[in-house]
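A short worksheet on the structure shown next.
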Amino acid sequence: MNINATLFVQALSFAALIWFTVKFVWPMITTAMDERARRISDGLAAAEAGRQSLERSAKEVNVAINDARSRAAEIVAQAEKRGAQLVEEAKAAGRAEADRERAAAKAEIEQEIARAREELRAQVASLVVSGAEKILRREVDSRAHADMLDAIKQQL
Amino acid sequence: MASEHGPQSAGEYIGHHLTNLRVGEGFWTFNLDTIIMGWITGIIAIGAFYLIARKATTGVPGRVQGFIELIVEFVDETVKGVFPGDRKFLAPLALTIFVWVFMMNLMDLLPIDWVAKVTETGGLHNWKPVPTTDLNTTFAMSLTIFLLTIFFSLKAKGAGGFVHELFTAPFGGHPVLWIPNLVLNIIEYLAKPVSLAMRLFGNMYAGELIFMLLGLLGTIAATNSAGGLMAGAAAGVLYWGWAVFHILIILLQAFIFMVLSCVYIAMAHEHH
């Protein structure tokens, strides 16, 4: 057994190696490892969050599609209703127009009839008067009886 | 090979391989081979870790970085099992012990006569390549651990608590028991570094010695023509077999040294 001063040198070498490892080597490696562990856990968390958000948006999409579908059905129904309404309105308008025109035509016809009757009456009156004149010319002074004749004309 | 210098007895061969390269007188002797091999192995081991750590990526690690991280993780988990507190110091300490002791032990697998051949070519007639077969190395490490144990004990309990524990643990605080407590504690405190150092030294020294005996068998093969071939073949096979087995021992001893160091320092934090 030969213990000698080598002991001190070896102890110092050992201490230097310990110091170097504690100061540099270990922190470097563990920092890298911890950083990687952190990145991995972050990545896993992000993947989980992504999955959840995908699920959520799928749900939202479903809701939106259903909403759109029901609204489209509503719009279609409304349009159909509106169409029917328009048809009805057009029908009613047409009917009213026809009634109006018929009434107008009737009025015109009646007017024509009245005018024709008036003309007829006037002609009959003048015929009567001229007939009466011819009859009376011999015995009646036309001037003297003009008032009477006019009155008759008026009455006819 | 040593035998090429001429006829050499078995004792000379063994003695040649067990002698350190010394400089100095008496206690102030420096075993240059131990010191230099300690530096080389330390720089290789910790340097490799440092080079990898400096370029460590937080992304997908390469194979080398993965290997380094595997060791770091393994050491960290082992320390965590022994010591539940803050591992900022203890874990890198354990890593240093593990890789350095392993690297020093690994030198044992270099064929001893090749090392001798290379160093003798360089003019060095004694060169022990395995620093852990030198008690100076193992005691240097175990005494450093011992000092750290005292330091952490004082830090955790304070000077008063430390002295108090010396006298009152493990038997109790009765004044009659103070002396037995103190004696037992001194024995315990001495036994820890001594056993730590002797275990590693003994294992490595014995392993080295067996390599030497097998190498000696090889030198017989070189000098004795009658049984030479047989002995040479046997030596080769046995040397290889022992080396394979020795891989287990050097790893195990490095691990044991690391774990026991951690246990001792962890115990220093405990209050009795």
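The values are calculated or read from the model by the stated rules, or taken from the named source; none is laboratory data. Remember, it's a predicted structure, so these values are computed and weren't measured experimentally. Every residue, glycine among them, receives a Cβ derived from its backbone with ideal geometry; neighbour counts consider all protein chains shown. In case anyone asks, the SASA skips ligands and DNA or RNA and just uses the protein heavy atoms, side chains included. Shrake-Rupley method; radii C 1.70, N 1.55, O 1.52, S 1.80 Å.
Counting only alpha carbon atoms, the long axis of helix B:32-54 and the longest principal axis of chain B meet at about 70°. Once each part is reduced to its C-alpha centroid, what is the distance from the range B:110-173 to the range B:74-91 in angstrom? The two parts, judged by their Cα centres, are 20 Å apart.
The mean sequence distance of close C-alpha pairs (under 8 Å, at least 6 residues apart), as a share of the length of chain B, puts its relative contact order at 26 percent.
Remark: spin-label model distance A:Ala146-A:Gln52 equals 12.0 nm, labels positioned 7 Å along the Cα→Cβ axis. When a 1.4 Å probe is rolled over the protein heavy atoms, the share of accessible surface on the range A:1-79 that falls to carbon and sulfur comes to 65 percent. Summarising the label geometry, the points placed 7 Å from Cα in the beta-carbon direction at A:Arg115 and B:Ile44 lie 13.7 nm from one another. For the range B:205-214, putting each phi into the Karplus relation 6.51 cos²θ - 1.76 cosθ + 1.60 with θ = phi - 60° gives couplings of 5, 5, x, 4, 5, 5, 4, 5, 5, 5 Hz, in residue order, rounded to whole numbers and with x for Gly and Pro. Label 7 Å along Cα→Cβ of B:Glu270; the range B:177-217 residues with amide nitrogen under 17 Å? Residues passing the 17 Å test: B:184-193.
Couplings 3J(HN,Hα) for the range B:170-178, derived from phi with the Karplus relation 6.51 cos²θ - 1.76 cosθ + 1.60 (θ = phi - 60°), are x, 7, x, x, 5, x, 4, 8, 4 Hz, where x marks Gly and Pro. A simple rule links phi to the HN-Hα coupling: the Karplus curve 6.51 cos²θ - 1.76 cosθ + 1.60 with θ = phi - 60°, which for the range B:82-99 gives 8, 10, x, x, 6, 9, 4, 9, 5, 5, x, 4, 4, 4, 4, 4, 4, 6 Hz, with x for Gly and Pro. Please report the base-10 log of the normalised intensity I(q)/I(0) for the protein assembly as shown, using a Debye sum with one equal scatterer per alpha carbon and no solvent, at each q in 0.06, 0.07, 0.10, 0.14 (1/Å). The calculated log intensity ratios at q = 0.06, 0.07, 0.10, 0.14 Å⁻¹ are -0.51, -0.60, -0.90, -1.27. Between helix B:112-121 and chain B there is an angle of about 70 degrees, using the helix long axis and the longest principal axis of the Cα atoms. Each of B:Phe139, B:Gly172, B:Val115 was scored by the projection of its Cα onto the charge dipole of the range B:80-190, and the greatest displacement toward the positive side belongs to B:Gly172; charges sit on the C-beta of Lys, Arg, Asp and Glu.
For B:Asp33, neighbours were defined as the other residues whose beta-carbon sits under 10 Å from its Cβ, and their charges (Lys and Arg +1, Asp and Glu -1) total +1. Computing FRET efficiency as 1/(1 + (r/R0)^6) for B:Leu190 and A:Ile40, where r is the C-beta to C-beta distance and R0 is 45 Å, gives about 0.40. Going down the table (A:Lys23/B:Lys128; A:Lys23/B:Lys192; B:Lys88/B:Lys128; B:Lys128/B:Lys192; B:Lys80/B:Lys155; B:Lys55/B:Lys80), which pairs top 23 Å between alpha carbons? Correct reply: A:Lys23/B:Lys128; A:Lys23/B:Lys192; B:Lys88/B:Lys128; B:Lys128/B:Lys192; B:Lys55/B:Lys80. The share of accessible area on chain B that comes from carbon and sulfur is 74 percent, using a 1.4 angstrom probe.
Charge dipole of the protein assembly as shown (Cα centre as origin; +1 on each Lys and Arg Cβ, -1 on each Asp and Glu Cβ, all else neutral): 620 debye, rounded to the nearest 20.
Using R₀ = 45 Å, calculate the FRET efficiency as 1/(1 + (r/R₀)^6) where r is the Cβ-Cβ separation of B:Leu110 and B:Val263; round to 0.05. For R0 = 45 Å, the calculated efficiency reads 0.90.
For B:Lys55, project a label point 7 Å along Cα to C-beta. Then give me every residue of the range A:2-31 with its amide nitrogen under 16 Å of that point. Taking a point 7 Å out along Cα→Cβ of B:Lys55, the residues of the range A:2-31 whose backbone N falls under 16 Å are A:29. What the protein assembly as shown shows is 59 Å² of accessible area per residue, with the surface traced by a 1.4 Å probe over protein heavy atoms. Straight-line cross-link reach from A:Lys134 at under 26 Å between alpha-carbon atoms covers these lysines, not counting any fewer than eight positions away in the same chain: A:Lys153. Projected over every direction and averaged, the convex hull enclosing the alpha-carbon atoms of the range A:3-155 yields 22.6 nm². Straight-line reach from A:Lys81: taking Cα to Cα under 28 Å and skipping same-chain neighbours fewer than 8 places apart, the lysines in range are A:Lys91. In this simple spin-label model, placing a label point 7 Å from the Cα along the Cα-to-Cβ direction at both A:Lys91 and B:His125 gives a separation of 13.5 nm.
Over the C-alpha trace of chain B, radius of gyration and Dmax come out as 22.6, 74 angstrom.
Distances between placed amide hydrogens fall under 5 Å for B:Thr29 paired with A:Ala5, A:Thr6, all partners being 5 or more residues away or on another chain. If one takes the longest principal axis of the Cα atoms in chain A, at what angle in degrees, from 0 to 90 and to the nearest 10, does the Cα axis of helix A:142-155 lie? Once rounded, one gets 40 degrees.
Here the range B:131-272 is treated as a sphere whose radius is the Kirkwood value from Cα pairs; by Stokes-Einstein at 10 °C and 1.306 mPa s it diffuses with a coefficient of 88 µm²/s.
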